[in-house]
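*Asks:* Below is the structure I would like to discuss, written out as structure tokens.
The values are calculated or read from the model by the stated rules, or taken from the named source; none is laboratory data. The shown structure was predicted, so the numbers you read here are calculated from the model rather than taken from an experiment. Quick reminder, even Gly has a Cβ in these numbers, built from the backbone with ideal geometry, and neighbours come from all protein chains shown. Keep in mind that these areas ignore ligands, DNA and RNA; they rest on the heavy atoms of the full protein, side chains included. Shrake-Rupley method; radii C 1.70, N 1.55, O 1.52, S 1.80 Å.
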Amino acid sequence: MSLTQYKTVKSRVQRSELAVPGSNPSMIDKASDSGVDFVFLDLEDAVAPDDKLQARSNIIQALNDIDWKAKGVTVSVRINSIDTHYMYRDVIEVVEQAGQHLDTILIPKVGVAADVYMVDALLTQIEESKQIGHRIGLEALIETAIGMANVESIAASRGRLEALHFGVADYAASNRARTVNIGGLNPDYPGDQWHFAISRMTVACRAYGLRAIDGPFGDFNDPDGYLLAAKRGAALGIEGKWAIHPSQIALAHEVFSPKQEEVERARRILQALDDAAKAGKGAAALDGRMIDAASARMSENIVNIAEAIASRE
């Protein structure tokens, strides 16, 4: 193991993340009771330009009026991108008026590490000025060619950054990729056309202690397609996925929650290796297969996730 290591910045249960437009107060109310792990209240793409100011007011009211923590929901706000004139007022108004109830800010279309630094610096000043009692986290959307080209340096941003999200729709547009459904597979491509991007982002996350989250699957009438997309991401190390419709929440939980038999086997592996260590052995056999220190690390991941989910619920 290298002497250069980065510990996990912040552990949160983030199997599912419901996208909710800030311009629709009734959807915000329903989202808080949906059973989702995360909600992000959107000021960006889901809100028309003429509705952005009202959406900001709606979100501030919802953050203050709804007891998100009591409902077991982590709440985030997706601000507008830093190349718009909405962005700075999004941060200032939301955090100054409701920052005490906000867990994270999701920054869209991050292209370079300096984009994260800009929001971090602004957020730090507001927190100090308003004496907000907790540190608001940052999450970054990797959804452009320049963002993916710089994903390692973005992930290396220290401080508030907790997670990276893969924004497949804008990423496809940025790369001029041909798609048939947001997050789905083009039948003309022999395999998973998003494999490289998701894998690269996930490796960057794990290298620097961040959570890795997959973005939307556009056809909410295709649960099987959603499940397959989520399973492909999970196989690469993704730990959660967006839901653009409440019906996708349970699907995300199904994929990103360890099965009981997985947890039981992980505990058996840890016990077998503990027994082997007491006998002076570095490896052991379990169910006809060799297990060693790498097996222990994988098993610890499963047990830790299961315990975190149990604690949340």
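*Asks:* Under a point spin-label approximation (7 Å from Cα along Cα-to-Cβ), what is the residue 156-residue 65 distance to one decimal in nm?
*Replies:* That separation, rounded to one decimal, is 4.6 nm.
*Asks:* Roughly speaking, what is the stretch gain from residue 245 to residue 310, that is 0.36 nm per residue apart minus the C-alpha to C-alpha distance, in nm to one decimal?
*Replies:* Once the chain is fully extended between residue 245 and residue 310, it gains 21.0 nm.
*Asks:* Gain in length, residue 278 to residue 195, computed as 0.36 nm per residue apart minus the alpha-carbon separation, to one decimal in nm?
*Replies:* My answer for the length gained is 25.7 nm.
*Asks:* For residue 107, what residues show an amide H to amide H distance below 5 Å, using hydrogens built from the backbone and excluding near sequence neighbours?
*Replies:* Those qualifying (amide H under 5 Å, at least 5 residues apart or on another chain) are 139, 140, 141.
*Asks:* Using amide H atoms built 1.01 Å from N in the peptide plane, name the residues 5+ places from residue 241, or on other chains, whose amide H lies under 5 Å from its own.
*Replies:* 16, 17, 214
*Asks:* Within the chain, which DSSP H helices have Cα atoms that stretch 15 Å or more along the helix axis and a mean Kyte-Doolittle hydropathy of at least 0.0?
*Replies:* 87-98, 113-130, 195-207, 293-312
*Asks:* Using a 1.4 Å probe, what is the accessible area per residue for the chain, in Å²?
*Replies:* Details: 15140 Å² over 313 residues.
Normalised by residue count, the accessible surface of the chain is 48 Å².
*Asks:* Are there trypsin sites (Lys or Arg not before Pro) in the stretch 68-111 that DSSP puts in a loop and that have at most 14 other Cβ atoms within 10 Å, and which ones?
*Replies:* Numbers: sites: 69, 71, 78, 89, 109; in loops: 69, 71, 109.
Loop-located and lightly packed - 69.
*Asks:* Can you send over the carbon and sulfur percentage of the accessible area for the chain, probe radius 1.4 Å, protein chains only? Display every interim value, and only then the final one.
*Replies:* Numbers: 7810 of 15140 Å².
Carbon plus sulfur share of accessible area: 52 percent.
*Asks:* Could you pull the accessible area for residue 206 with a 1.4 Å probe, rounded to 10 Å²?
*Replies:* The value for residue 206 is about 110 Å².
*Asks:* Same structure, new question: Can you tell me the length gained on complete extension of the stretch residue 100 to residue 124, counting 0.36 nm per residue apart and subtracting the Cα distance? If you can, show how the numbers build up before the last one.
*Replies:* Values: separation 24, 0.36 × 24 = 8.64 nm, distance 1.34 nm.
Taking residue 100 through residue 124 to full extension adds about 7.3 nm, to one decimal.
*Asks:* Turning to a different aspect of this structure: For the pair residue 180/residue 54, report the inter-label distance in nm, with labels modelled 7 Å from Cα in the Cβ direction.
*Replies:* 3.8
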